[in-house]
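The values are calculated or read from the model by the stated rules, or taken from the named source; none is laboratory data. A quick note: this is a predicted structure, and the numbers were derived from the prediction, not measured. Neighbour counts are summed over all protein chains in view; Cβ atoms, including those assigned to glycine, are modelled from backbone coordinates with ideal geometry. With ligands, DNA and RNA removed, areas are computed over all heavy atoms of the protein, side chains included. Shrake-Rupley method; radii C 1.70, N 1.55, O 1.52, S 1.80 Å.
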Amino acid sequence: MKYAVLAATRRALSCAAAVLLQASLAHGAIRHAPGIEIVEPDAQLSGIFAAIDRDQLDEALKLTDHLIAQQPNFRLAYLIRGDLLLAHTAALTNIGSVSGGPPERLQELREEAVLRLRAYRDRPAANMVPRYLLELPPDQKTAVVIDTRRSRLYVYQNVNGRPRFLADYYITQGKLGADKAKEGDQRTPIGVYHVTGVLPKSELPDFYGAGALPINYPNEWDRLNGRTGHGIWLHGTPSDTYARAPKASDGCVVLSNRDLRALFHSIQIGVTPVIISEDIEWLKFDDWNAERASLQHAIEAWRSDWESRDVALYLSHYSKRFASDSEALKQWSERKRQVNAAKEWIKIDVRNISMLRYPGNDDMVVVTFEQNYRSNNMSNTVKKTQYWAREGKAWKILYEGVA
Amino acid sequence: MSSPVMKRALLTCAVSACFSFYALAAHADDAQDVSKMIRAGQNDQAMQRIDAVLAQKPRDAQMRFFKGLILTEEGKSNDAIQVFLHLTEDYPELPEPYNNLAVLYASQGEYEKARAALEMAIRTHPSYATAHENLGDVYAKLASQAYDKALQLDSNNTAAQSKLALIKELISVNTNANKSGASSGSPTTQIGKAPVVAMAKAPPPAAAPAPISAPIPLKTPAAPPPAVMAQAPAPVAPPPAAPAPAPVAAPVAAPAPVPVPVAAPANASPEQQEVVAAVNAWASAWANKDVDAYLAAYAPDFTANGQTHDQWAAERRARIVGKSAISVKIESLEASVEGDHATVHFRQDYKAGALVANSRKTLTLQKVGGKWLIEQERSGA
């Protein structure tokens, strides 16, 4: 006599596992402290599905119980536990073979499972760089890139100007998805932002979990484009759950508390960029180098043309669509001509250049730098922000402002 | 030449084997009497008798088992747990105490402990159908608890507490003693290998899972066996005395198993053919979840597991009705008939959902008023 699970039952679960075969457990090990290796939950999930794929349901159940012991409020882990137990008595058809119960919640957990597993499987290779991080200045330790379609936040480390993958985390976005336009539209903004502060756990309700990191939505570009809203944060999760559904916030980016705490260590207030994209593009190192070189060249031409005091040449770097916070191209050009008439010499240094490609179709890059301006009648040092966009073959300035 | 040391070792072995046999099996009269008293509801008398025997033979498994049953019946769950727990420690090879321990744990909501005990029961005795069924229920209960946590449902749903089946007899102790009688008697006929497949209606198609927006759809199990078999005609009613012609299996491309009632061979006596027909009808009723027909295949005084006939019938009804689909396949059937009594041995291939149980079964039938009715049903590995 044999007590067996029908092969079909196994297939039902292992189909999901098959997707994950390439995901190796080694990926998931992060060294937190010397000698202590903590395997992150998504790596454990992946291990569970790999065990299911090998038909080792008992092993999968053990791994699931281990995960639940570590993350006692991980609802998705309970769902998988239910499946693994039920597999002993009935054929499964899907993740979450539970009958009854609210279908939306079940659906949310299924989506979470799929997103976690896929993001884990599709982790960027070591030689790939997010296209957005064209140049990181030396004083900036990390950059954060969020992919709303993958429900994933990636942390990159600045290693001599080249971004290197550090960690990635599952995130929750707005109930209605991404591309925020209006106050209250329950969407997460798409753009280039930075963290403006830290709100500790002690000052917040439990709903925000381990704390919050506000970002500067709406930024200059958002305001120029009439986008409204405020209070977009990266924040934690209430204590009764390990994670929230993929689309559950009012526009904030929500992380598990353990992930948010890890992120706190990587963030420099006012410095660390947070780029939110619907679909991160990854470049090979060579392509990335070529892209940044062409823009570096344009910035250098702008700088030297300004020094040359040839106003027409200098203004040729500005787009017809150009606008500052207060002027359009016409007023800007007139003022520059007036100012230039009094110049006998100009000397400009730019330092700590950051170049961050803007997500979306605009072929636009946010450039910030420290500008040391000296001339016969005036000198200053400012932190400048420019938006450069490609028009035809040339890079042109769309926006310029001083922080 | 054998050394004296070795001789002594052998002797000790023999003695200890005897001892353990005595320790296991209470005096048959005591056991029968106690069993009768329990069935008659005379628990106090039974307990007195048990205590008297245990005073002489404190390790007696049968008496301790009865004691556990009475304590369970009287609602003294914790005492009963202690009795069965110690039995599993002293006789780890017996499945019944594990099963009953699991029933008690489950009644207290301790499903993880129940699961561990049932897994032990099955490890010691892989063919224990009751333990398998109980374990299935425990898995389902544990799964539903996990789902409750996953979906944040209120899990204080006590009404849904599953009721597991107690085992009321220490069968595995007695099997050796019973083994001899069955095969004696009239010539047995090895009956063809054609399997009886009695198949229930196709299970209702599982509700299509809500489409996942992200495409990692888990494959629906490729054509579950029940769905395939359902298209084949289920054997209806007892086949006529004459060997039922096997339905001509149209050799369709798909090699779906076609249910063929076990046919009595040409040289089978008319009585043997009747008996085979009765067994076919029984299996068919079971698989079709026709509980009335299924129960009608048994003698009116049929009992099992120390239950009354009505208790037994009610439990069978609950078990059968609760299944989504049942398949019962009979193979290697041998029937011997002696007057009004018949003994049938066969391999039974039972499937209900993902529960697959393949076991030897022996039915003893008696002809009453022209009908062959099941008097006794035994399973063995």
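Just one of A:Thr272, A:Thr241 is farther than 28 Å from A:Gly360 by Cβ, under 27 Å from the mean Cα position of the chain (by Cα) and touching a residue at least 40 places away in the same chain (Cβ under 8 Å); which is it?
Details: A:Thr272 fails: farther than 28 Å from A:Gly360 by Cβ.
Exactly one of A:Thr272, A:Thr241 is farther than 28 Å from A:Gly360 by Cβ, under 27 Å from the mean Cα position of the chain (by Cα) and touching a residue at least 40 places away in the same chain (Cβ under 8 Å), namely A:Thr241.
Return only the number of the condition from (1) more than 14 Å from chain B (Cβ to nearest Cβ); (2) in contact with an Asp or Glu (Cβ under 7 Å, 6 or more places away or on another chain); (3) buried (at least 21 other Cβ atoms within 10 Å of the Cβ) that A:Asp147 does not satisfy.
Only one criterion is unmet by A:Asp147, namely (1).
Count, please, the residues in the stretch A:206-222 that happen to be more than 17 Å from A:Ala178 (Cα to Cα) and at pLDDT below 95.
1
Which one is most open to solvent (accessible area, probe 1.4 Å) among residues in the stretch B:105-126 that are away from chain A (no Cβ under 13 Å) and under 17 Å from B:Gly68 (Cα atoms)?
Going through the qualifying residues, I end up with B:Gln108.
Just name the residue that is nearest to the chain's Cα centre (by Cα) out of those in the stretch B:337-355 that are within 15 Å of B:Gln273 (Cβ to Cβ) and open to solvent by less than 10 Å² (accessible area, probe 1.4 Å).
Per the stated criteria, the residue is B:Val344.
Among (1) of a type in the set (D, E, K, R); (2) in contact with a strand residue (DSSP E or B) (Cβ under 9 Å, 6 or more places away or on another chain); (3) modelled with pLDDT of 95 or more, which single condition is A:Asp325 missing?
The failed condition is (3).
Let's see how each residue does on (1) part of a helix (DSSP H, G or I); (2) under 20 Å from B:Asn134 (Cβ atoms); (3) within 21 Å of the chain's Cα centre (by Cα); (4) at pLDDT below 90:
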position: B:Ile70; (1), (2), (3), (4): yes, no, no, no
position: B:Gly75; (1), (2), (3), (4): no, yes, no, no
position: B:Asp79; (1), (2), (3), (4): yes, no, no, no
position: B:Phe84; (1), (2), (3), (4): yes, yes, yes, no
position: B:Thr88; (1), (2), (3), (4): yes, yes, yes, no
position: B:Asn99; (1), (2), (3), (4): yes, yes, yes, no
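Are there strands (runs of 3 or more DSSP E) fully within the stretch A:123-175 with at least 2 residues that are over 18 Å from A:Asp279 (Cβ atoms)? List them.
Of the strands (runs of 3 or more DSSP E) lying wholly inside the stretch A:123-175, those with at least 2 residues that are over 18 Å from A:Asp279 (Cβ atoms) span A:152-159, A:162-174.
Would you mind stating whether B:Trp372 is in contact with a helix residue (DSSP H, G or I) (Cβ under 9 Å, 6 or more places away or on another chain), closer than 24 Å to B:Asn134 by Cα, aromatic (Phe, Trp, Tyr) and surrounded by 19 or more Cβ atoms within 10 Å (Cβ to Cβ)?
So B:Trp372 fails the test.
Does the stretch B:271-288 contain at least one residue that is in a strand (DSSP E or B), away from chain A (no Cβ under 14 Å) and open to solvent by less than 60 Å² (accessible area, probe 1.4 Å)?
Kept after step one, since they are in a strand (DSSP E or B), are these residues of the stretch B:271-288: none.
No: zero hits.
With the checklist (1) open to solvent by 10 Å² or more (accessible area, probe 1.4 Å); (2) within 19 Å of B:Glu169 (Cβ to Cβ); (3) part of a helix (DSSP H, G or I) in hand, flag the one item B:Glu93 doesn't pass.
Only one criterion in (1) open to solvent by 10 Å² or more (accessible area, probe 1.4 Å); (2) within 19 Å of B:Glu169 (Cβ to Cβ); (3) part of a helix (DSSP H, G or I) is unmet by B:Glu93, namely (3).
Within the stretch B:325-336, restricting attention to residues that are crowded, with 21+ Cβ neighbours inside 10 Å and part of a strand (DSSP E or B), which residue is farthest from the other protein chains (Cβ to nearest Cβ)?
My answer is B:Ala335.
Listed here are the residues, each with its yes/no results for (1) closer than 20 Å to B:Gln311 by Cβ; (2) at pLDDT below 60; (3) among the aliphatic types (A, V, I, L, M); (4) over 23 Å from the mean Cα position of the chain (by Cα).
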| position | (1), (2), (3), (4) |
| --- | --- |
| B:Ser107 | yes, no, no, no |
| B:Glu110 | no, no, no, yes |
| B:Ala117 | no, no, yes, no |
| B:Asn134 | yes, no, no, no |
| B:Val138 | no, no, yes, no |
| B:Ala177 | no, yes, yes, no |
| B:Ser184 | no, yes, no, yes |
| B:Ala200 | no, yes, yes, no |
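For the stretch A:138-163, what are the residues that are aliphatic (A, V, I, L, M) and either touching a Cys at 6+ places or on another chain (Cβ under 7 Å) or free of Cβ contacts under 8 Å to residues at least 60 places away in the same chain (or both)?
The initial filter retains those residues of the stretch A:138-163 that are aliphatic (A, V, I, L, M), namely A:143-146, A:153, A:155, A:159.
Passing the criteria: only A:Val159.
Is one or more of the residues making up the stretch A:188-201 closer than 23 Å to A:Ala262 by Cβ, open to solvent by 60 Å² or more (accessible area, probe 1.4 Å) and small (Gly, Ala, Ser)?
no
Is it fair to say A:Thr142 is open to solvent by 50 Å² or more (accessible area, probe 1.4 Å), among the hydroxyl-bearing types (Ser, Thr, Tyr) and either within 14 Å of chain B (Cβ to nearest Cβ) or on the phi < 0 side of the Ramachandran plot (or both)?
No, not satisfied.
Condition check: more than 14 Å from chain A (Cβ to nearest Cβ) and either out of contact with any His (no Cβ under 8 Å at 6 or more places or on another chain) or touching a residue at least 40 places away in the same chain (Cβ under 8 Å) (or both). Does B:Gly322 satisfy that? Give the steps one after another, and end with the answer.
Working: more than 14 Å from chain A (Cβ to nearest Cβ): no; either out of contact with any His (no Cβ under 8 Å at 6 or more places or on another chain) or touching a residue at least 40 places away in the same chain (Cβ under 8 Å) (or both): yes.
Against the criterion (more than 14 Å from chain A (Cβ to nearest Cβ) and either out of contact with any His (no Cβ under 8 Å at 6 or more places or on another chain) or touching a residue at least 40 places away in the same chain (Cβ under 8 Å) (or both)), B:Gly322 does not qualify.
Among residues belonging to the stretch A:56-83 that are of a type in the set (Gly, Ala, Ser) and away from chain B (no Cβ under 11 Å), point out the one that is least open to solvent (accessible area, probe 1.4 Å).
Of everything passing the filter in the stretch A:56-83, A:Ala60 is least open to solvent (accessible area, probe 1.4 Å).
Does the stretch A:100-112 include one or more residues that are over 26 Å from A:Asp65 (Cβ atoms), within 14 Å of chain B (Cβ to nearest Cβ) and assigned to a helix (DSSP H, G or I)?
Step one: list which residues in the stretch A:100-112 are over 26 Å from A:Asp65 (Cβ atoms), which gives A:103-104.
Filter once more, keeping what is within 14 Å of chain B (Cβ to nearest Cβ): A:103-104.
Right, trim to assigned to a helix (DSSP H, G or I) and you get A:103-104.
Checked against the condition, which is being over 26 Å from A:Asp65 (Cβ atoms), within 14 Å of chain B (Cβ to nearest Cβ) and assigned to a helix (DSSP H, G or I), the stretch A:100-112 yields at least one hit.
Among the residues of the stretch B:127-143, count how many are assigned to a helix (DSSP H, G or I) and at the interface with chain A (Cβ under 7 Å from one of its Cβ atoms).
Selection size over the stretch B:127-143: 6.
More than 7 Å from every other protein chain (Cβ to nearest Cβ), surrounded by fewer than 18 Cβ atoms within 10 Å (Cβ to Cβ) and touching a Ser or Thr at 6+ places or on another chain (Cβ under 6 Å), is that true of A:Pro124?
Against the criterion (more than 7 Å from every other protein chain (Cβ to nearest Cβ), surrounded by fewer than 18 Cβ atoms within 10 Å (Cβ to Cβ) and touching a Ser or Thr at 6+ places or on another chain (Cβ under 6 Å)), A:Pro124 does not qualify.
Could you tell me which numbered condition B:Ala318 fails, if it satisfies all but one of (1) open to solvent by 30 Å² or more (accessible area, probe 1.4 Å); (2) in contact with a helix residue (DSSP H, G or I) (Cβ under 9 Å, 6 or more places away or on another chain)?
Unmet for B:Ala318, out of (1) open to solvent by 30 Å² or more (accessible area, probe 1.4 Å); (2) in contact with a helix residue (DSSP H, G or I) (Cβ under 9 Å, 6 or more places away or on another chain): (2).
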